[in-house]
Each structure stands twice: as structure tokens, then as C-alpha cells.
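Some notes on the structure that comes next.
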Ligand code: ADP
Ligand code: ADP
Ligand code: MG
């Protein structure tokens, strides 16, 4: 094993997840955290702690120089970026390797190619992967955008090439809309992602979001099947499952093969996800983007395949080759993940940071909780609202939904509001039970009903 000491440049549940995986491999851990996170669970678990800056992300988790300096000071030989922050920043990845350290992720040039969404579509096109119809690369200016839009047709999405987390995307219905929104998206992209390149894409209504988990070692690429992630709010996933109920074996095979072909075309190394939209009526699927990092919802794939994705990220980064063979990877049952966020679903998902005064999770063999919460923990207001991922596995889909509802009723969290009532309501919801939904379903349903504290 080449990695001896790993610096984790992230926070929250994913920092906890990575520290646990490192310790299992006998790798010692350094947590690089902000001043707001020195009392976090990850800070208590890591072998060493180094504060890299103030609470503001641009002063800490987005400050590449401070992170590199922390690695140097602590003698870490590798950096895991987690998700978000600098995870898909090619300049950071290359600065890490230039300093003689291991970046736990794909090589910088692969991140540059696939992390930029407009660029990734061109790579996908060359690999023969079907795309959502859209502009040929980025649009230079408004007149170019209008010209491309008349070819693509309305409604369409204006998308930031550097966008992520559901941000940097706007729906427009007409040329007037486009003219009005174009400069706004550009300015927002510049402010949020420090890059204002944008592209256009046809809006696919009533589609499912289905994504394929892949693992590569630079020579071989395998897939760990797919995840269904259509239950979203503001284009952010809320409830995910694996495998996707809408796929026939033939469609599953085609989708997974396409993701492997794309990853193979760039000699992909590390864990990655290829995201698609699926038109369930026609069975057509279209590539939307690739995430060159660990994803929030990776546990559902781990549950159904029995493969530890973070463990493999670390081993591959340390120089090991994949010893897994595709034919040995099979789907075992079903798994669902519910994202428990510090938001009040009764009050339009208003943010709800604060102190956890009471906390009790149920314990069960078929339940996996990925969380950084502990009684007395103060959820800071500065970062992503994810508190926990509640992951349940069963043999069949109907069982897993019932089991999840019963386990969720046993959770006790006090002090802040969470999205648990939303999940209770969703688990009882007809379209969820039938597995018949698309990326717009959750928001449409939210407009027709009110989540109550008791649901
Ligand atoms: P996943 O695809 O793993 O579900 P999300 O899109 O929900 O991931 O993003 C996970 C976290 O990373 C969120 O906190 C999100 O805001 C952040 N994130 C994702 N992409 C970017 C990006 N391009 N720039 C900044 N933050 C991002
Ligand atoms: P991000 O980088 O923020 O994850 P994605 O391109 O993956 O952005 O899109 C996020 C979500 O937005 C998708 O899961 C889907 O719900 C919606 N979306 C993206 N592109 C399209 C499209 N062309 N048509 C319809 N919905 C889309
Ligand atoms: Mg996405």
C-alpha cells in the first residue's frame, strides 16, 4: 500500500466515511478542517487535526494553497477531496501531484475533460454515447445562443459548464426568456463556480435520472450497476435507490456498457459516475454529465454489490490494480437512501442549523447510517445541509419501503428540524410505492400536499 497518511480535505458525513475507510486499510488520517468544524465528529475521529482557515469555504475548504500547506506540515502523502469543494477542480488535482502527493481521484487532465460539463459531452459524443440534444459545446454570446436555441427547440435549459449540486441551471421557454436569463446564468456561474462558460440543452420532460457507478484503475473499467435518482427538489437528489426499478435487463446492460465505454475512452482511474436521463416510454437514454468523484449516494451501490467504493478509491490511488471482475459483480436485493437534511419540510425547506439536543438512531443489520451527528453537536449554518444518509436494504423493493418507514419512525432527533417527515410522507406515497416517477414528480407532489410534523 503506497498511501501511509491521508489528508481529508472535506467535512460532514463524507469526511467520517473516508476516515473510516482509511483506518480499515491501516492508513493514518489527518483532517484538514475550518474553524467551524474543530468539534465535528470527523475531527474527533481523525488521528490528526489541522485547521486550514475560517468558517467561510473560500478561506478553508476551497483554499487549495492552505490545504497543500497542511499536507506538507503534517507529512501526509495523499489527499482525498470528498465531494463538492475542490473535488472536481483540475488545477487543485494537478497542484497536489506537482507537490509529489497522491490525489485520490482521477488524473487532473481527466477531471478537466470530464468535470467540465460541455467538454464532457464532446468526449461522450466521440465515445458513441447518446447525448441530450444541445449546443455544440459552449455558446459564446447571446446571438450564438439564440441561433443554437432555434435549432435545439424550446423549452431548453441554460447550463453552466462548471455547475454542480443542481445549481447553474435555468429552464427557458422562448427566445425572450433566453435573452433575459442568459446574462443572469452567466453572472451566477461566474460568482458560484468562478467560470462563466455556459451551454444549452433540450429540456427532457418526465425523464428519469439514472446514473451508473464505475470504477477504473487506468487500464480496466468496471461498473457497479445503476442508481435511480429521480426524486429531486431543485434538481438536487433527495431519495435514491439501486437498482433502478424502471430498467429491463437489456436496458440495464446497454446503459452500464455505455458508461464503461465512456470511462474506458479516457482511461478512467478511480471511482466515477456517469449520469443519464432516461425516457421511460421510449427506453432512450441520454448522457448528461460525469462526476469524477465519490458521490453522496454511493452507499446504495455498495449495499447491493457488497463492494466498498471508498476502499477501492484509496487502493487504486495507492497503485493497486482492480482485482474485481465484472462477471463476479451481481445485484443482491435492493437498497434505498434517504437524505436527512437540516431543513424544515413543513416551512418550505427553510434551513435549520442549531444544536442537536437529542439523538437516537435505530440499530439493525439492514440499516446503514452515514452521519456526522452526535448529541450536543452544533450544526453550523455555513455549509451543505446534509445531516445523515439513512440507507436500508432488503430483498425486494416493497419490503425495503416498509422497512424504511418502520426504521425511520424509531429515529429521535431533537433541537433542529429535519427532512424526516418528508421521507415518511414519500414512503407512503403512491408513485414512490409503484416506482413510477420522474425528475419532476417530487416537486409536483409537493405542490399538491403539505408535509406535516406527524407524517
Ligand atoms: P451527488 O451527485 O453526489 O448527489 P451533489 O450534486 O448533491 O452530489 O453534490 C454534493 C455536494 O457537492 C453538494 O454539497 C454540492 O453543493 C456540492 N457540489 C457538487 N458539484 C459542485 C460544483 N461544481 N461546485 C461546487 N459545489 C459542488
Ligand atoms: P448537476 O451538475 O447540478 O448535478 P446535472 O446536469 O446533473 O447537474 O442536472 C441536475 C438535474 O437537473 C438532473 O438530475 C435533472 O433532474 C435535471 N436536468 C439536467 N439536464 C436536464 C435536461 N436536459 N432535461 C431535463 N432535466 C434535466
Ligand atoms: Mg448531476
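Bear in mind that the values in this text are calculations on the coordinates, not laboratory data. Everything quoted here is computed from the prediction, not taken from an experiment. Cβ coordinates were reconstructed from backbone atoms using ideal geometry, including for glycine residues, and neighbour counts include every protein chain displayed.
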What is the Cα centroid distance between the stretch 1-55 and the stretch 199-263, reported in whole angstrom? 30 Å
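Once every DSSP H run of n ≥ 4 in the chain is given -39500 (n - 2.57) and the sum is divided by its residues, what mean residue ellipticity at 222 nm do you get, rounded to the nearest 500 deg cm²/dmol? Don't skip to the end; give the middle numbers.
Working: 15 runs with 154 residues, N = 455.
For the chain, the value works out to -10000 deg cm²/dmol.
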Compare the peptides 197-204, 293-300 by average per-residue count of other Cβ atoms within 10 angstrom and give them in order, highest first. 293-300, 197-204
Listed with the fewest Cβ neighbours within 10 Å leading, 74, 418 appear as 74, 418
Cα-only Debye scattering, the chain: base-10 log of I(q)/I(0) at q = 0.06, 0.07, 0.12, 0.14 Å⁻¹: -0.24, -0.33, -1.08, -1.52
Above 16 angstrom, tally the Cα pairs of the stretch 109-203 and express them as a % of all pairs, no decimals. 50 percent
From fewest to most C-beta neighbours within 10 Å, the residues 223, 144 line up as 144, 223
Between the stretch 114-173 and the stretch 382-455, how many Å separate their Cα centres? 32 Å
Hey, fewest Cβ within 10 Å first, where do 355, 439 land in order? 355, 439
The simple spin-label model distance between residue 151 and residue 167, using points 7 Å out along Cα→Cβ, in nm, is 3.1 nm
Which value in nm describes the separation of the simple spin-label points at residue 361 and residue 234, placed 7 Å from the Cα toward the beta carbon? 2.5 nm
Give me the extension gain from residue 320 to residue 447: residue separation times 0.36 nm, minus the current Cα-Cα distance, reported in nm with one decimal. 40.8 nm
Given the stretch 1-132, report the % of alpha carbon pairs whose separation exceeds 21 Å. 41 percent
Among the stretch 243-260, those whose backbone N falls under 17 Å of a label point 7 Å along Cα→Cβ from residue 282 are 251, 255
